[in-house]
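Step one of this worksheet: look at the structure below.
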Amino acid sequence: MDQLDNLRNQGFFSDLDVHFARFLSRLAGMDRPELSLAYALTSWAREQGHICLDLEFPAGPPFPECLPESEGLFYPSKWIDLLQDTPVVGRPGDFCPLILSGRRLYLHRYWKYEQDLITFIQRRDSKGIDSFDPAGLQEKLNRLFPPSGAAGPDWQKTAALIAALKPFCVISGGPGTGKTTTVAKILALLLELNPDAPFRISLAAPTGKAAARLQESLTRVKKDLQVAENVKALFPEEAQTLHRLLGVLPEGGGFRQGADNPLEAEAVIVDEASMVDLALLAGLTAALPDRTRLILLGDQDQLASVEAGAVLGDICATGRPHGFSRPLVQTLQEVFGKEMTWPVEERPGRGLPDCIVPLRRNYRFGADSGIGAVSRLINAGAADSALDRIRGRDGEDIGWRELPPPERLSRALRERVQEGFSSYLKGSDPEEVFKQLTGFRILCALREGPYGVQALNVLVEQHLKREGLIRPEGRWYRGRPILITQNDYTLRLFNGDVGVILPDPGAAGELRAWFPGEKGPWRKFLPRRLPAHETVYALTVHKSQGSEFDRVLLVLPDRDTPVLTRELVYTGITRARERVEIWGREAVFRQAVARRIRRSSGLREALWGD
């Protein structure tokens, strides 16, 4: 048995990894075990969310100990010379299955995605600021952003000005920092600055759920904006998924919109950008004409996309503080006044400091908020201080409970289940049911195992059945909450959409799946017509991105696992608007907070030199 079979049998490599490696070995006409291992690892790395295989492992090798160095095989940094002489491996710009760029080995497609995105960002970053009227901008900004009385810069106002001046802008902030309010005012500002020509704006998000939330939030915020009604009338009426905006080809070969068929828009705004993977963002940027500005909204500290890449984190250089260039600070002072100061970039000429705007004031989690304080400590990697703060706030907006053993988990859940789900199950009006349903959710790190989503959904159903709140005799029952897991463009149901099974008074009380309408009316479907879906009393933290609940129960597993990261714990905690309770073990919590998501790519180094 060779190394590839050995690693496949141990569950490290997939069948795809092994077949890919053997295909390239045959294509190259070189049967070297080191090369076969490099090919398989490149395939494996992409499946793990990496853009490339980093042959020097600056963050430490992520591979198992079952690769014995004594056999002379596992010295990846020494494979570079071998790879350079292999016909299936090319240099940047070559057309080969694999591309070797420095220490990084890419699948050709992902090397091209990364290079195209780097070129797009650098080209837009290098564009100078067009001439503008400081007094006119100041009037519009002061009207949209009235003085708050807070000390220091108004970061929302700063973000709006930079979005108006720069063709590429990233606005990053955690929950409660006002990203949606800011983007509504940016829309108004852009429309007011371009009154004489059609100024088309596209709103998009990576999932249907996130797109619906963006649209609902903008509709709500727009009503109170201090702008003329004719400007409000020009606001885009609909937010779309990125896949729908770009037009997925039915053959799975890419998008209808691209360089040869660009989008007709003067601005594109993408919410929840942390969830956007490299391939999707590269597809979007390829479809944007030179005149089109791109504004990304997201939380750089959240979980990265499920697919390959941690693109928003790489673009923002997560973990490294930076300011603005001196020329941009001077421009800001022209509009806001000389007395106002902003942090200045310590490494002038490097990175994208003028494209990244952090929203630093939190309007939801104030100075006394345990959720806010703990989330900041987690981002700083201060697990012990976070635990101390949780214990100090127990009974208020954040709490801790030692994880019960599996045999006692059901009993421990009983009270939480009754408190969290009984209200919505007593309702019949879809609008009221959905409002109650967002009041509570159980979030898990894992799908499987005794503390995973599948097990907890079963336990919740058992409790609710015993209480007489549900009658799950069949697959669909009154009150069952469901999460769509596969896009259906015919029904306009998308991955991440949440619905609930309720009787339909217009169909003699027969069960239907009810979903919020895109523009108001509720939508209902025969349950058997739904695309792939699952029960969602509990869901993974990954799938909770873009959602918020009044109260959250975050259940961590009883042992460490690679999926547990600082970003996962932060994302889970910040899904709560009012209160979060964490069930876990302190040692596992500490290990999770100490581990950051590290995905190999060349994007951050190309943009920032880090």
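Quick notes
- Among the listed options [x] 1.04; [y] 1.02; [z] 0.97, the one matching Rg/Rh (Cα atoms, Kirkwood Rh) as calculated from these coordinates is [z].
- Between segment 317-379 and segment 236-292, the alpha-carbon center distance in angstrom: 28 Å
- All-pairs Cα distance distribution in segment 128-227, expressed in whole percent, bin size 5 Å: 2, 11, 21, 26, 22, 12, 6, 1
- Dipole of the chain, positive direction: furthest Cα of 576, 355, 421, with charges on the beta-carbon: 421
- Only helices enter this figure: runs of n ≥ 4 DSSP H residues, each worth -39500 (n - 2.57), summed and divided by the residues of the chain, yield -11500 deg cm²/dmol at 222 nm to the nearest 500.
- Shape category assigned to segment 299-373 from the gyration tensor of Cα positions, a/c cut at 1.5: oblate
- Amide H to amide H, with H built 1.01 Å from N, residue 344 comes under 5 Å of 324, counting only residues 5 or more places away or on other chains.
- Partners for residue 157 among lysines (Cα-Cα distance below 27 Å; same-chain residues under 8 apart left out): 127, 140, 166, 179, 185, 222, 223, 232, 338
- Bridging of residue 426 to lysines at a Cα separation below 23 Å is possible for 435, 465, 524, once same-chain residues fewer than 8 apart are set aside.
- Computed about its Cα centre, the charge dipole of segment 327-385 is approximately 120 debye, with only Lys, Arg, Asp and Glu carrying charge at their Cβ.
- Surface share of carbon and sulfur [accessible, 1.4 angstrom probe, percent] for segment 461-610: 46 percent
- Take the Cα of residue 522, go 7 Å toward its beta carbon, and the backbone nitrogen atoms of segment 391-432 under 13 Å from that spot belong to 425-432.
- Full-extension gain in nm, residue 31 to residue 249, via 0.36 nm per residue minus C-alpha separation: 74.7 nm
- In this view, the solvent-accessible surface of residue 148, computed with a 1.4 Å probe and all protein chains in place, comes to about 70 Å².
- Cα gyration tensor shape for segment 216-261, rounded if a/c is under 1.5, else prolate or oblate: prolate
- Cα gyration tensor category, rounded, prolate or oblate, for segment 181-225 with a/c compared to 1.5: oblate
- Taken per residue, the accessible surface of segment 90-210 reaches 39 Å², heavy atoms only and a 1.4 Å probe.
- Considering only beta bridges that DSSP places wholly inside the chain, some 35 percent are antiparallel.
- Fraction of accessible area attributable to carbon and sulfur, segment 277-375 (%, probe 1.4 Å): 49 percent
- Eigenvalues of the alpha-carbon gyration tensor of segment 347-469, scaled by 5 and square-rooted, set the equivalent ellipsoid semi-axes at 35, 20, 16 angstrom, largest first.
- Computed with every protein chain present, the accessible area of residue 473 is close to 140 Å² [probe 1.4 Å].
- Taking Cα centre as origin and charging only the Cβ of basic (Lys, Arg, +1) and acidic (Asp, Glu, -1) residues, the dipole magnitude of the chain rounds to 1160 debye.
- Across segment 516-610, Cα-Cα pairs more than 19 Å apart make up 59 percent of the total.
- Carbon plus sulfur fraction of accessible area for segment 71-182, probe 1.4 Å, in percent: 49 percent
- For segment 1-50, a simple Cβ point-charge model (Lys and Arg +1, Asp and Glu -1, everything else neutral) yields a dipole of about 120 debye relative to the Cα centre.
- Selected from 398, 240, 42, residue furthest toward positive end of dipole (the chain; charges at beta carbon): 398
- Lys/Arg +1, Asp/Glu -1 at C-beta; segment 71-170 dipole; positive extreme among 141, 121, 80: 141
- Segment 297-360 - accessible surface per residue (Å², probe 1.4 Å): 42 Å²
The values are calculated or read from the model by the stated rules, or taken from the named source; none is laboratory data. Computed from a predicted structure; not experimentally measured. So basically every Cβ, Gly included, is an ideal-geometry build from the backbone, and we count neighbours across all protein chains shown. Side chains are part of the model used for accessible areas, which takes the heavy atoms of the whole protein and leaves out ligands, DNA and RNA. Shrake-Rupley method; radii C 1.70, N 1.55, O 1.52, S 1.80 Å.
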